[in-house]
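Notes for the one structure printed next.
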Amino acid sequence: MLQTMKKVQVLGPKKDLQSVVDVLYHTGTVQLEDISRTIRPGDTLLRRMDIEKGGDIANTLVKIGGIFLALPKIKYDTKKQEQIYGELQQLSHSELLARANHVIDELESTTKDLAVKKSDLEFSLGAMDKYEKIIKKIQPLENQLPILEGFEVTVILIQREFREVLDFINNTLLEITKKQFEMISADIDEATIAAVIVFNKRYTEGVHSLIFSQNVNEVRLPSEFLGKPFHEILQLISLKRTKSIDEMAAIDEKLVNFATEWYQELAVLKKVLEDRNEEAGVFGKFGQTEYTFVIQGWIPKKYLHRTKKALTDAFGNRVFVNEIEVSPENMDEAPTFYDNPAIVKPFEFLLQMVNAPKYREIDPSPLLALFFPFFFGLMVGDIAYGIIILVFALIVKKKYKMELWLQHLMNILIISSIPSIFFGFIFGELFGDFGETMGWLHPLTIAGITWNRVEAIVPMLILAIAIGVFHIFLGLSLGILNAVAKKSKKHVIEKAGMIIVITGLLLVVGGAAKVVPEIFLQLGVVLMVISVPMIIYGGGFFGVFEIISTVGNILSYARIMAIGMASVILALVANKLGGMMDVAVLGFLIAALLHILNLVLAMFSPFLHSFRLHVVEFNSKFFEGGGKLYTPFRREKEDETVK
């Protein structure tokens with residue numbers, strides 16, 4: 001339902017600006033406008049608000065965020081956070097920054113040093129694990145290594161399929177080290193060879209350059225491990241690991257102590273600074289005089305009293321809200337806010353993906369919510385398919401709770417599955433003709449017609465076209481209402497002329513087919529003659545071509561019958577092929593696969609075509625679109641730290 005929008009100005013003393021913006025941000029009802037567009041050049045009374053406060057808040061927020069991330073997370077104390085939140089909300093801009101800087105002075109340097117030291121220890125532990133693993137692999141080679149002073153030891157690991165690289169390295173090292181080296185290799189496992197190279201330290205640069213050029217994995221031991229037997233190195237690694245773990249535990253204990261003392265305040269401070277930072281980003285939209293500020297925007301009429309009360313409670317008579325009179329022409333600039341029931345919201349989401357309605361236009365969302373499931377159900381028309389679609393949508397909806405777009409789409413399928421089951425009962429379809437074959441149900445006879453879709457092709461086609469006529473007439477009638485709201489006389493006459501000409505055409509066709517008395521044929525001709533000048537007056541000579549387009553739109557509704565017919569025929573084919581198989585299991589598999597294919601098509605094809613009938617055929621008769629959706633100034637997603 002379209003909500004009436006009001007254009008407002010909020011005025012008050014400049015010293016209260018930050019607090020007023022804070023109240024508006026948390027009330028979340030005003031869509032702000034850039035007042036600078038209304039300030040004329042040379043205006044000495046009203047000028048654009050100076051932007052002063054954004055940078056310091058952003059810098060402080062970065063520091064607070066860094067401290068917050070460095071501390072371990074602990075359980076939120078809701079009561080304490082609410083108390084701190086109330087205190088911080090009362091602080092001015094400078095007072096809030098002073099409070100934040102006090103926390104930064106207390107924590108930033110210490111927590112940063114602890115975090116860096118912990119990171120270094122974690123890296124060291126990872127390196128120790130790597131060295132231990134490799135040394136254990138090459139330890140069997142230790143007794144073959146010479147122990148010489150002034151020599152360096154390095155280890156390389158290569159894959160067995162590249163073992164010929166060792167010969168190249170050996171020959172090249174003969175030249176680089178002038179034969180002052182020793183290389184011993186052995187298979188470590190099925191895929192890896194380890195080679196230990198002992199060489200004179202004078203040739204360190206050349207040896208490492210050679211190893212790097214061969215793109216092999218070199219393991220260079222830390223200096224404190226060099227010259228020591230492998231079993232001593234393993235002992236040193238064990239001692240160093242124990243020491244690092246103890247140091248990390250001590251750091252964690254310090255960080256937990258800091259978190260216990262400061263975490264609640266940091267969480268709230270971070271949120272308040274985020275709010276203030278976002279608020280500061282809109283200051284450039286405001287106006288100011290020497291002593292006052294001016295904020296301008298749009299607000300739904302239903303929220304106006306609540307907003308005024310919030311400002312009055314906080315500031316008394318110092319701040320007031322002024323309603324601005326807007327001409328009907330300028331109301332087209334108003335944002336559109338449709339406050340629809342929950343059952344309509346998914347369809348509202350679907351339409352807004354294509355085009356947002358203009359203010360004062362009739363909202364097509366409730367109509368889509370009414371007709372879309374009806375069309376979908378007519379096309380699917382199978383009890384079993386409807387139940388499976390319902391179960392599928394419920395499962396996906398439960399599994400992907402955080403995906404808003406998927407939630408909306410699944411809600412549409414859930415709603416649409418109900419008429420699918422209902423029409424399946426009328427058509428007597430459960431997995432096609434399986435239910436009828438088993439004697440569980442049969443097509444119903446209504447108005448003298450047995451609604452078996454395979455046999456009742458002509459009645460189904462007539463029903464589809466009749467639905468199209470009603471739907472298009474409804475769209476044209478809504479177009480007249482929109483034109484009246486916009487005071488567009490030409491469009492009123494054009495839409496009325498289109499209704500008359502289509503009515504006349506239907507009477508002519510009905511009279512020619514002897515469906516209605518012949519006098520109606522003559523009446524139809526008269527109506528067509530009367531309506532053409534009306535259409536030309538409202539839409540020009542090209543409006544005559546719109547008659548052909550409208551007739552095409554009506555005939556397009558035949559897809560309701562065609563898609564439903566294709567679905568039921570594929571279901572019949574699945575049952576027929578499955579029943580023809582001599583092996584029951586094979587027949588069941590073939591039938592199941594074809595029904596699954598048909599079910600997938602039943603979810604996508606009716607969905608897309610039902611939507612197309614609304615967007616192309618129906619909406620084009622009254623819906624212009626191109627509007628701006630109501631986007632109030634507020635926090636889009638509430639932070640979980642403060643409830």
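The values are calculated or read from the model by the stated rules, or taken from the named source; none is laboratory data. These figures come from a predicted structure and were not determined experimentally. Glycine also receives a Cβ, built like all others from the backbone with ideal geometry; neighbour counts cover every protein chain displayed.
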More than 37 Å from the chain's Cα centre (by Cα) and farther than 30 Å from residue 432 by Cβ, is that true of residue 540? yes
In this structure, is residue 356 in contact with a Gly (Cβ under 7 Å, 6 or more places away or on another chain), surrounded by fewer than 21 Cβ atoms within 10 Å (Cβ to Cβ) and not acidic (Asp, Glu)? yes
Going through region 385-401 one residue at a time, which ones are free of Cβ contacts under 8 Å to residues at least 60 places away in the same chain and surrounded by fewer than 24 Cβ atoms within 10 Å (Cβ to Cβ)? 387, 390, 391, 393, 394, 395, 396, 397, 398, 399, 400, 401
Output yes when any residue across region 345-358 is in contact (Cβ under 8 Å) with a residue 40 or more places away in the chain, assigned to a loop (DSSP other than H, G, I, E, B) and among the basic types (Lys, Arg), and no when none is. yes
For residue 618, indicate whether it is exposed (fewer than 14 other Cβ atoms within 10 Å of the Cβ) and either more than 31 Å from the chain's Cα centre (by Cα) or aromatic (Phe, Trp, Tyr) (or both). no
Identify the residue in region 232-288 that is among the aromatic types (Phe, Trp, Tyr) and over 30 Å from residue 78 (Cα atoms) and, among all such residues, is surrounded by the fewest Cβ atoms within 10 Å (Cβ to Cβ). 283
Residue 458 meets each of (1) touching a residue at least 60 places away in the same chain (Cβ under 8 Å); (2) loosely packed, with under 15 Cβ neighbours inside 10 Å with one exception, condition (1)
First in region 493-521 and within 15 Å of residue 469 (Cβ to Cβ), second anywhere and small (Gly, Ala, Ser), Cβ under 6 Å, 6 or more apart: 500/531; 501/531; 504/524; 507/524; 508/524; 516/510
Looking for something in the same structural domain as residue 457 (by TED's automatic domain parsing) and more than 30 Å from residue 486 (Cα to Cα) - is there at least one such residue anywhere in region 609-617? yes
Every residue in region 522-556 that is free of Cβ contacts under 8 Å to residues at least 40 places away in the same chain, polar (S, T, N, Q) and touching a helix residue (DSSP H, G or I) at 6+ places or on another chain (Cβ under 6 Å), please. 531
Looking at region 205-217, can you tell me whether even one residue there is surrounded by 15 or more Cβ atoms within 10 Å (Cβ to Cβ), outside any helix (DSSP H, G or I) and not assigned by TED's automatic domain parsing to the domain that holds residue 86? yes
Under the condition of being among the basic types (Lys, Arg) and closer than 25 Å to residue 93 by Cβ, which residue from region 276-307 is nearest to the chain's Cα centre (by Cα)? 276
Residue under evaluation residue 426, criteria (1) part of a helix (DSSP H, G or I); (2) in contact with a helix residue (DSSP H, G or I) (Cβ under 7 Å, 6 or more places away or on another chain); (3) touching a residue at least 40 places away in the same chain (Cβ under 8 Å), criterion not met: (2)
When you scan region 24-46, do you find a residue that is at pLDDT 90 or above, loosely packed, with under 15 Cβ neighbours inside 10 Å, of a type outside the set (Ser, Thr, Tyr) and closer than 30 Å to residue 265 by Cβ, even just one? yes
Here are some residues: 460, 379. Which one is within 20 Å of residue 570 (Cβ to Cβ), more than 39 Å from the chain's Cα centre (by Cα) and either assigned to a helix (DSSP H, G or I) or not assigned by TED's automatic domain parsing to the domain that holds residue 490 (or both)? 460
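To keep it simple, each residue is scored yes or no on (1) at pLDDT below 95; (2) closer than 30 Å to residue 400 by Cα.
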{"position": "413", "(1), (2)": "no, yes"}
{"position": "417", "(1), (2)": "no, yes"}
{"position": "426", "(1), (2)": "no, no"}
{"position": "450", "(1), (2)": "yes, no"}
{"position": "454", "(1), (2)": "yes, no"}
{"position": "458", "(1), (2)": "yes, no"}
{"position": "468", "(1), (2)": "no, no"}
